[in-house]
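Presented below is the structure to which this report refers.
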Amino acid sequence: MAWLLLQNAYCASAIEQPLGTSSVTAVSWLKAKGVPSLAPAGTHAHELSMVAAACYSHLDDIAGGTVAASCLGHALYLALTRPAGDARPPERHTRMPMLPDTLGTRAFLHSARALVVPAIAPYHSEHQNRSLLDAMGGARQDSGGIGAFKQLMDKELTRPIGLMASEIKDPADLIEARASGFSSIGAGGFFGDSTSAWKGAEGAAANGGHEISLAVKPIAVFVRGVRTREHPLKLGDTDGSLSGNKIEVDATLSPAERARALERGARLARCHEQVFDAAALAELNGAFAEVLTRIVGGALAHSTASIR
């Protein structure tokens with residue numbers, strides 16, 4: 001926490017036009033002490049997709065396997081947070097970012113393209129009955145290569161969107177991001193919030209092969225006191241191996257259970273290789289709409305009751 005406070009205070013004074021910080025706690029503590037701080041701002045994090053995938057894993061098992069539960073998290077963000085159901089106008093595009101690499105960016109884009117925003121409030125009518133992918137106004141790169149991410153976005157999307165590079169560790173990354181057309185960066189790694197960014201240090205090797213980072217991922221999800229069958233999992237954009245440093249899964253799982261979780265994740269990460277037929281799309285979107293309608297409707301009803 002001390003590092004976040006120092007980082008926040010330094011950036012507030014040293015950067016001419018900072019976009020903000022995702023550490024709301026740092027902002028509140030600094031303001032309480034009268035220290036200039038960045039404004040609270042940011043995208044959603046992997047935790048949203050990871051927890052949604054644990055709670056609604058049945059969505060990922062439809063149509064031969066997808067990452068629909070990760071897309072569910074994004075659809076909930078569109079409905080219930082800053083976009084307020086409407087990410088159409090250019091000035092609102094940045095309010096609807098996608099963080100697609102939880103189980104691989106290719107899998108996310110393929111799934112989001114197949115899923116349809118249901119015709120329910122608060123989604124704007126121009127989002128309804130259209131691909132969820134069309135509602136995305138930005139994309140955050142958090143693993144894999146900066147240039148490779150840009151090339152994939154250019155290939156898979158029908159319109160340009162804002163790109164954010166959040167894996168900036170040194171000046172070379174800054175230069176590559178700028179040259180690749182990224183409009184914003186996440187500077188945490190650049191300022192040293194993980195040992196791999198420390199030049200001259202032994203990095204993860206000095207910690208038994210484990211990377212020390214300020215990022216904390218969920219390792220278990222309980223629903224009404226019962227642990228979910230599927231575990232929160234992050235693979236990141238990799239070359240298909242299951243040994244990358246972006247992999248996050250509960251280290252206390254038995255070897256067999258860990259292997260099962262990773263194998264399932266790897267299978268879902270390959271969903272971009274399949275073609276969905278009409279029956280599969282209908283089943284997938286029916287289940288997706290049912291879950292979204294239930295969650296969004298419940299959240300809006302609770303909000304209205306609270307205001308009253």
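The values are calculated or read from the model by the stated rules, or taken from the named source; none is laboratory data. None of the values given here were measured: they were computed from a predicted structure. Note that each Cβ is placed from the backbone with ideal geometry, even for glycine, and that neighbours are counted across all protein chains shown. The accessibility values were calculated without ligands, DNA or RNA, using every heavy atom of the protein model including side chains. Shrake-Rupley method; radii C 1.70, N 1.55, O 1.52, S 1.80 Å.
General observations
- Test result for THR21, of a type in the set (Val, Ile, Thr), crowded, with 21+ Cβ neighbours inside 10 Å and at pLDDT 90 or above: no
- Filter result (exposed (fewer than 10 other Cβ atoms within 10 Å of the Cβ) and either among the aliphatic types (A, V, I, L, M) or modelled with pLDDT of 95 or more (or both)) within segment 280-308: ALA305, ILE307
- Breaking point among (1) open to solvent by 10 Å² or more (accessible area, probe 1.4 Å); (2) within 17 Å of ALA269 (Cβ to Cβ), for SER49: (1)
- Residue list for segment 1-13, restricted to those being open to solvent by 60 Å² or more (accessible area, probe 1.4 Å) and either in a helix (DSSP H, G or I) or modelled with pLDDT of 85 or more (or both): ALA2, TRP3, LEU6, TYR10, SER13
- Any chance ARG264 is part of a helix (DSSP H, G or I), modelled with pLDDT of 90 or more, open to solvent by less than 60 Å² (accessible area, probe 1.4 Å) and of a type in the set (Lys, Arg): yes
- Leading residue by the ranking (nearest to the chain's Cα centre (by Cα)) among those in segment 27-40 that are farther than 22 Å from THR94 by Cβ, hydrophobic (A, V, I, L, M, F, W, C) and open to solvent by less than 70 Å² (accessible area, probe 1.4 Å): LEU30
- Flag if SER194 is modelled with pLDDT of 85 or more, surrounded by 15 or more Cβ atoms within 10 Å (Cβ to Cβ) and under 16 Å from SER143 (Cα atoms): no
- Among the conditions (1) more than 13 Å from MET136 (Cα to Cα); (2) over 14 Å from the mean Cα position of the chain (by Cα); (3) open to solvent by 10 Å² or more (accessible area, probe 1.4 Å); (4) in contact (Cβ under 8 Å) with a residue 12 or more places away in the chain, ARG106 misses just one, which is (2).
- Restricting attention to segment 124-145, the residues being open to solvent by 10 Å² or more (accessible area, probe 1.4 Å), farther than 19 Å from LEU281 by Cβ and either without any contact (Cβ under 8 Å) to a residue 24 or more places away in the chain or not in a strand (DSSP E or B) (or both) number 6.
- Taking segment 1-56 as the range and being polar (S, T, N, Q) and in contact (Cβ under 8 Å) with a residue 40 or more places away in the chain as the test, the residues that pass are GLN7, THR43, SER49.
- Taking the numbered list (1) at pLDDT below 95; (2) out of contact with any Lys or Arg (no Cβ under 6 Å at 6 or more places or on another chain) in turn, LEU233 passes all entries but (1).
- In segment 153-167, the residue that is nearest to the chain's Cα centre (by Cα) out of those that are open to solvent by 20 Å² or more (accessible area, probe 1.4 Å) and among the aliphatic types (A, V, I, L, M) is MET164.
- Scan of segment 37-77 for residues that are within 15 Å of LYS234 (Cα to Cα), hydroxyl-bearing (Ser, Thr, Tyr) and touching a helix residue (DSSP H, G or I) at 6+ places or on another chain (Cβ under 6 Å), ordered by number: SER49, THR66, SER70
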